[in-house]
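Values in this text are rule-based calculations from the coordinates and carry no lab data. A quick note: this is a predicted structure, and the numbers were derived from the prediction, not measured. So basically every Cβ, Gly included, is an ideal-geometry build from the backbone, and we count neighbours across all protein chains shown.
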Amino acid sequence: MNTRSLLYIVLILFSCVDEDFFGLSSYGNIKSIELSNQASNSVIDLAEKTVTIEFPSGIDRSTISIQQLTISTFATADKSIGDIINMNEEEEISITAEDGTVTVWKLIPLVASATPQLANSDFELWYKTNSGYYEPGESNANTIWGTGNQGTYILNKLATIPYEIEDGNLAAKMITLDNGVLGGTFGAPIAAGSIFTGVFNSDNLDPTNPEAAIDFGMPFSGRPSKLRFKYRYIPGVENKDRNGNKLPYSDMADIYAFLEVRSNGKIQRLATAWFRSGEEIADLTTMELDFYYGQLDANFPEYMFPVDQEFVSEDSAQFILPTHITLVASSSFDGVNFAGAVDSELILDDIIMVYD
């Protein structure tokens with residue numbers, strides 16, 4: 001058996017582990033849910049069996065569709081993706097576990113703030129995974145943040161970790177790691193530390209394509225004018241491509257956010273804020289970026305333009321609310337192509353949406 005085959009067997013074993021049980025499962029949980037027009041991530045309370053969902057004020061909540069629903073392994077639900085529900089009041093979903101146990105969940109609607117922030121954007125909360133390492137968020141069920149740690153953990157490496165700045169104040173620390181001989185055998189010599197709004201889906205794990213397992217974005221309905229954050233960056237000494245060739249420029253940190261309009265399977269870019277720099281910043285520094293609404297012109301660098309998307313129309317860019325936000329930070333700007341400098345280090349803290 002070659003190394004790559006062995007690695008894929010390990011990946012499959014890791015991706016198949018779910019809720020642990022012996023015999024027929026009694027689990028009847030909602031693990032994730034997304035409804036049309038919701039304004040922020042659903043808040044799941046496993047103990048109370050409730051899901052709290054915010055909607056922008058003024059929208060018609062009588063014909064809300066279920067866009068995404070993940071429940072316990074081997075369980076079934078009395079509602080499914082595509083069903084229409086009335087969220088003017090509380091709605092119920094009944095989950096039947098493998099052993100026949102029925103759990104009734106309540107969906108609770110709330111009116112969202114017109115100036116929302118990202119949950120846990122100060123990175124004070126980190127939960128311990130079943131594998132023993134830490135991920136940003138209150139729990140696996142209630143977090144808007146993902147990292148690539150599930151991909152690097154199989155190599156016994158973690159590229160994104162909690163970092164104590166001082167007196168218990170935590171931040172996210174991203175490091176570009178050398179994946180060693182095993183990583184090099186399948187064309188992944190380095191792993192860039194990263195954090196993003198979205199979910200790392202281990203069922204789609206592909207060691208040759210880091211983004212294949214990432215479902216970027218989370219519900220969001222604000223129109224901020226600026227993106228503010230604190231950061232520290234120290235690029236590694238030698239910036240190399242995936243073949244080990246030294247590059248004639250420094251490694252760079254990437255921190256960017258897109259406001260998006262998602263409808264009928266189509267994603268359109270509403271606004272863009274992007275920071276890319278290889279400058280060494282030894283002390284935690286505040287950076288503020290403008291959100292540019294609508295089409296970018298030729299004065300912007302090419303990397304800021306969407307690849308497989310379109311911009312919203314210029315008319316709608318002036319007033320339309322986004323449905324989602326995608327925010328990404330990485331210790332190596334080209335880490336998705338396995339290019340970067342080993343030991344590049346990015347500290348990120350206190351992300352704030354600024355409203356006029």
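Each 20 Å bin from zero holds the following percent of Cα-Cα pairs in the chain: 28, 58, 15, 0. In segment 126-354, Cα pairs under 8 Å separated by at least six residues give a relative contact order of 27 percent. Within the shell of other residues whose beta carbon sits under 14 angstrom from the beta carbon of Glu92, the net charge comes to -3, with Lys and Arg scored +1 and Asp and Glu -1.
The helix-only estimate of mean residue ellipticity at 222 nm for the chain, built from DSSP H runs of length n ≥ 4 each weighted as -39500 (n - 2.57), is -2000 deg cm²/dmol after division by the residue total. Model label sites at Phe305 and Ser65, defined 7 Å from Cα along the beta-carbon direction, differ in position by 3.1 nm. One Cα centroid belongs to segment 258-320, the other to segment 128-196; the line between them spans 25 Å. A DSSP coil position with no more than 16 other Cβ atoms inside 10 Å describes the following chymotrypsin sites (Phe, Trp or Tyr not before Pro) in segment 208-274: Tyr249. For Lys79, go through the lysines and keep the ones whose alpha-carbon is under 30 Å away, minus same-chain ones fewer than eight residues off. In chain and number order, the partners are Lys31, Lys49, Lys106, Lys266. Under the simplified labelling scheme, the Asp356-Glu124 pair shows an inter-label distance of 3.1 nm, with each label point 7 Å from Cα along Cα→Cβ.
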